[in-house]
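The values are calculated or read from the model by the stated rules, or taken from the named source; none is laboratory data. Values in this document were obtained by computation on a predicted structure and should not be read as measured data. Cβ placement follows ideal geometry from the backbone for every residue including glycine, while neighbour counts extend to all protein chains displayed. All accessible areas refer to the heavy atoms of the entire protein, side chains included, with ligands and DNA or RNA removed. Shrake-Rupley method; radii C 1.70, N 1.55, O 1.52, S 1.80 Å.
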Amino acid sequence: MCLLRQLIVEATRTFTTGPQTATTTVEITVTRNINGPFFLQTGGYITTVLEGLALGSEVIQLSASDNDALDVLRYSIVNTAVSPNATDFFYMGLASGLISLKKVLTTTSINRFEFTAIVSDQSLPERTAQASVIVNVRRSTLFPQFQNLPYITQISVNVLPGQRVYTFVSATDADLQGTIRYESTYNYFAAPYYFRVDPDNGDVILQNRLNTDTSLTYVLGVKAYDTVYPNQVTFTNVTININRNPNAPMFNPSFYARTIAEDYTIGISLVDVDVSDADGQNVFCSVLSFIPPAAVNYFGLNTYTCRITVIKSLLDLGLGSVQIIVTGADNGLPSRSSFNQAVVNISIIRNENDPVFIGTPYQTTIPETAAIDGSTILRVTALDPDSVSGQTGITGYRLIGDDNIGQYFNFNGTTGAFTLKSDLTTDSVISYTGRVVAYDTGSPPRSATVLARIFITRNLRRPIFQQASYNQTILETQNTRTSIMTVVAIDNDRIAPYNRVTYQIQTSNQDIFTYFELNSATGEISVRVPLYNDISKTSSYTFSVQAFDGGSPPLIDVQDARVTINVIRNLFTPVFQNASYSVTVLFTIATQVSVIDVLAIDQDSQNPYNVVTYSILSDPVIQNRFTINPSTGRISTGFQTLTADTATSYIIRVVARDGGTPSLSATSSVIVYVQHNQNSPQFLVQNYTSTVYETQDLGVSILQLVARDLDISFKFSGSNRHALDLALIPNAFSQAPYNTLVFNMVGSSQAREYFDVNVNTGVLSVKKSLTLMANVFTVVVEVSLRDADPVSPQSSPVNAFVIITIIRNQNTPYFINQPYTASLNENVNIGYTIMDVTARDDDGPGTPFGQIRYSIIGDDLAPRIFSINEISGRITVFSSLTQQSAEIFQVNGMKYTRNANPQVNGMKYTRNANTQVNGMKYTRNANTQVNGMKYTRNANTQVNGMKYTRNANDGDHDDAYGCERCEIIIQQNPSNIKLVHGM
């Protein structure tokens, strides 16, 4: 706002004449409220609220500012056409810019409110700003859904309050806006008293003890809802089964054992079975089974006290043991059988068993030098299974001697002990045996018998080797079964077999047993398998020899003998100085001539392992043609010559062997290249000339190129077998492919297009019509020559040249003595001579192109009525004229030269043309010139198969190139025929 103020200013000054004054007007304009307010967020405000938003809740905060420091902002909202009632639901804080809920959104179905917020600076002049506000309302349309139904569980009656008994209740809401809340319902009797639902997670919690009730099942109703939409409720049930008898009775201990005499008193307690129930229930016992079943009549079980007693004398039972299996059940709801069973084993002592010797077998071993001092050597002990615990039930023992045991040993019948009685060295047996009988206290007594054996050690001394070690060196070719050495051990025992020594090898190396053998009786060591079979090439074998005597068990030497056998071996294989050898020889090489030397060296130091012998691997072809000196390794030609072979190389496999057994060998290859192709082919004549007509027939020989190749092979006989001069051998014969000639055209591409040479014979011919090669009268043909060697062919150092002169048909025939006319009577006879026509050709009669031939090619019926002699040109009557009504016939005479191809009366024909006229082909699309006239493809008239336009113009002014027309006029009365020249 602009505020205008006016001030009047007065100025006063005192002069000598007095004061003087002046006034003026000053206008002051004041500008206020320069800046307008503005919202801090550009582009408007958008927010989303839940439809259950509480009244007064914040919806969105708007913020604005004003650059005028003293302005106070004021907010307001106004409806728009889109949401005309927005101000009914929303309130704008005038000073804060906070939009809050004025009316609950559940009272409307509008999902989007659009209105305008206005901020004012309340100044003069007042300035405002606007912003669009969009409030989207998110509504709930779906109810919560319980997951993983149904809900069923079982709990024990002993669960304490506060424990979570079921944790699988869960509900989801696809459009959840708050949180899921759970509550129990009161639809099912007592369940809500004992159980409650955790409102946050749906867990079922026990809240009162279950032992105050007898129900076995409770059904708890549960509901779930979105806290924002508490009216959208979903219901379900949780079934809770109560186990009111959770614990089964248990026997502890579960195993009982009792031993009684067979005369045990009836009715006296035998076993009290202990059973209990953790639930405090009463337990009732019963017998599940008696083993054997017959015991059911002799033992009884009190159901209430679980006591077992004898109810019938056991003397009649006839059993030594009884097993009773006891089970139990409580009186809970429901009743439960015992967790385990009690097993009661009852042993009944009877005098029905023989004494039993313990610690059997009874045997001992003593040396034959044992002292006679009364000490116990062996004791036997027996027990009576029928005796009472702590007593043996044995009255005594008795020795029954089956041999002379009583001669050397004393036996105590009370204690069962044996002692030495006599010197054992006076006997040689190795054992003494006696039978001992034990008796029990029964009446009559029972007895048992056992064997007692006393073994005498008569093998008291060990073998001793005379040497601690043995050493010997041999070749690996040592003969088998030949003694290498003998080991000796001595045993000083008194008698055999204890002083008889046996030997055996002791080693973990199985190769020792493979390659050596030891005579167990004599100690002699020899080679069992040839040592050169040992691929490991062991240079020294070491093993131990053990000596043991003939005792049982045998005594082994105090110290084994150590045996070392050193073997001198063929260790190195011959090595060729070259990995391979090669040499080139002529196929004419003589027999038994040195070709090449091979050399192999063996690094073994001892003969015969370093002596090398050479041989050629078995191959009949090679062995017939080559030999090798076994000592020097020199390879020579054999007794069969190489000249009869076509092979270009031979591979000789040479073996070098040393003198070992078996020998070591190496193989090398010697390649002998045989040179068959020694000479290059040559032209006997290098330059040729020839003359041909341009009509030369295709494929017909023009001339023969002459060449040769001096490569040959020999059939030797008699004194000629070592001859090297080819000219001296009359029975030489050609050797293919080295002397096989191959001709090829080279040079000018034009010559190669029109001419061809036979690669095998050298015959030159025309392969394309020479008439197609215009204005060329001389062609030079160049031919190369090589042999047919498939590997390294040799070529002639020079090529052959053929100069070919082409004779062409350069001139067209022409008629002389023109014009021709005749007049005939229609009654003339057939064969009547009308006239002779004559033509000339400047090519001359000496060539086929100068020899004239005649024919009629008339335009109408003339060719069928008249004929012309091909040689003389004489025209005669061929058919009766009386049958024709025409009076004038035009006879066109065509002249052509003999063998002339392709020029006929000035018309040129090509061999490869597509259309045939008078048996000759011409090019369909060409404008062809006949007798100087142009003929086109679509001509209207056909002459001997060729169409032409009747009104064609003759471009030739020379009659010699036109077709001569004879006009013959036929009249009823003879008269002269008027000649019409031209067409």
**Request:** Please give the number of the condition Pro793 fails out of (1) assigned to a loop (DSSP other than H, G, I, E, B); (2) under 30 Å from Phe878 (Cβ atoms); (3) out of contact with any helix residue (DSSP H, G or I) (no Cβ under 8 Å at 6 or more places or on another chain).
**Result:** (2)
**Asked** For segment 838-856, which residues satisfy the criterion of being of a type outside the set (Asp, Glu) and either modelled with pLDDT under 80 or touching a helix residue (DSSP H, G or I) at 6+ places or on another chain (Cβ under 7 Å) (or both)?
**Response** Gly844, Pro845, Gly846, Ile856
**Prompt:** Going through segment 482-505 one residue at a time, which ones are in a strand (DSSP E or B) and out of contact with any Pro (no Cβ under 7 Å at 6 or more places or on another chain)?
**Reply:** Ser483, Ile484, Met485, Thr486, Thr502, Tyr503, Gln504, Ile505
**Asked** Quick one: how many residues across segment 822-879 are among the aromatic types (Phe, Trp, Tyr) and in a helix (DSSP H, G or I)?
**Response** 1
**Asked** Name the pairs whose Cβ atoms lie under 7 Å apart, with the first residue in segment 47-61 and under 16 Å from Gly97 (Cβ atoms), the second open to solvent by 30 Å² or more (accessible area, probe 1.4 Å), and 6 or more positions between them or separate chains?
**Response** Glu58/Leu98; Gln61/Leu98
**Complete:** Scanning segment 201-218 for residues that are open to solvent by less than 20 Å² (accessible area, probe 1.4 Å) and of a type in the set (A, V, I, L, M), the one modelled with the lowest pLDDT turns out to be Leu210
**Message:** Taking the criterion of being open to solvent by less than 80 Å² (accessible area, probe 1.4 Å) and in contact (Cβ under 8 Å) with a residue 60 or more places away in the chain, would at least one residue in segment 105-119 satisfy it?
**Reply:** yes
**Prompt:** How many residues, within segment 84-126, are assigned to a strand (DSSP E or B) and not polar (S, T, N, Q)?
**Reply:** 13
**Prompt:** Taking interchain pairs and intrachain pairs at least six residues apart, which have beta carbon atoms under 6 angstrom, with the first residue in segment 619-647 and in contact (Cβ under 8 Å) with a residue 40 or more places away in the chain and the second in a strand (DSSP E or B) and among the aromatic types (Phe, Trp, Tyr)?
**Reply:** Ile635/Phe626; Gly638/Phe626
**Message:** Looking for something buried (at least 16 other Cβ atoms within 10 Å of the Cβ), of a type outside the set (Asp, Glu), within 59 Å of the chain's Cα centre (by Cα) and farther than 19 Å from Leu710 by Cβ - is there at least one such residue anywhere in segment 780-802?
**Reply:** yes
**Request:** From Phe465, Phe455, grab the single residue that is in contact (Cβ under 8 Å) with a residue 60 or more places away in the chain and surrounded by fewer than 18 Cβ atoms within 10 Å (Cβ to Cβ).
**Result:** Phe455
**Message:** Six or more apart or on different chains, Cβ atoms under 6 Å: show the pairs whose first residue is in segment 469-496 and over 16 Å from Asp557 (Cα atoms) and touching a residue at least 60 places away in the same chain (Cβ under 8 Å) and whose second is assigned to a strand (DSSP E or B) and hydroxyl-bearing (Ser, Thr, Tyr).
**Reply:** Asn471/Thr564; Ile484/Ser526; Met485/Tyr470
**Request:** Determine if segment 329-343 includes at least one residue that is charged (D, E, K, R), open to solvent by less than 70 Å² (accessible area, probe 1.4 Å), in a strand (DSSP E or B) and closer than 30 Å to Tyr298 by Cβ.
**Result:** yes
**Request:** Please work out which residue is farthest from Tyr688 (Cα to Cα), limiting yourself to segment 786-837 and to residues that are hydroxyl-bearing (Ser, Thr, Tyr) and modelled with pLDDT of 90 or more.
**Result:** Tyr832
**Complete:** Condition set in contact with a Ser or Thr (Cβ under 8 Å, 6 or more places away or on another chain) and open to solvent by less than 70 Å² (accessible area, probe 1.4 Å), scope segment 477-493, selection modelled with the lowest pLDDT: answer is Thr477
**Request:** Output the residues belonging to segment 373-432 that are within 30 Å of Ser321 (Cα to Cα) and either assigned to a strand (DSSP E or B) or open to solvent by less than 50 Å² (accessible area, probe 1.4 Å) (or both).
**Result:** Val380, Thr381, Ala382, Leu383, Asp384, Asp386, Ser387, Gly393, Ile394, Thr395, Gly396, Tyr397
**Message:** With surrounded by fewer than 19 Cβ atoms within 10 Å (Cβ to Cβ) and in a loop (DSSP other than H, G, I, E, B) as the only criterion, which of Ala81, Ala129 stands out?
**Reply:** Ala81
**Request:** Sort through Gly873, Gly831, Gly844 and tell me the only one that's open to solvent by less than 70 Å² (accessible area, probe 1.4 Å), over 30 Å from Ala707 (Cα atoms), small (Gly, Ala, Ser) and in contact (Cβ under 8 Å) with a residue 40 or more places away in the chain.
**Result:** Gly831
**Fill in**
For Ser184, the lone unmet condition from (1) open to solvent by 60 Å² or more (accessible area, probe 1.4 Å); (2) modelled with pLDDT of 90 or more; (3) within 30 Å of Ser140 (Cα to Cα) is (1)
**Request:** Could you list all residues from segment 84-104 that are open to solvent by less than 60 Å² (accessible area, probe 1.4 Å) and on the phi < 0 side of the Ramachandran plot?
**Result:** Asn85, Ala86, Thr87, Phe89, Phe90, Met92, Gly93, Leu98, Ile99, Ser100, Leu101, Val104
**Request:** Answer yes if at least one residue in segment 58-66 is in a loop (DSSP other than H, G, I, E, B) and more than 22 Å from Leu124 (Cβ to Cβ), and no otherwise.
**Result:** yes
**Complete:** Within segment 524-559, residues free of Cβ contacts under 8 Å to residues at least 60 places away in the same chain and aromatic (Phe, Trp, Tyr) come out as Tyr541, Phe543
**Prompt:** Could we say that Ile134 is in a strand (DSSP E or B) and either open to solvent by 20 Å² or more (accessible area, probe 1.4 Å) or touching a residue at least 12 places away in the same chain (Cβ under 8 Å) (or both) here?
**Reply:** yes
**Message:** Quick check on segment 545-572: of everything there that is closer than 12 Å to Arg462 by Cα and charged (D, E, K, R), which residue is farthest from the chain's Cα centre (by Cα)?
**Reply:** Asp549
**Sole exception among (1) in contact with a Gly (Cβ under 6 Å, 6 or more places away or on another chain); (2) of a type outside the set (D, E, K, R); (3) under 30 Å from Leu460 (Cα atoms) for Ile311, by number** = (3)
**Prompt:** Among the residues of segment 463-475, is there at least one that is over 24 Å from Thr369 (Cα atoms) and of a type in the set (Gly, Ala, Ser)?
**Reply:** yes
**Asked** Is one or more of the residues making up segment 219-230 open to solvent by less than 50 Å² (accessible area, probe 1.4 Å) and farther than 30 Å from Leu53 by Cα?
**Response** yes
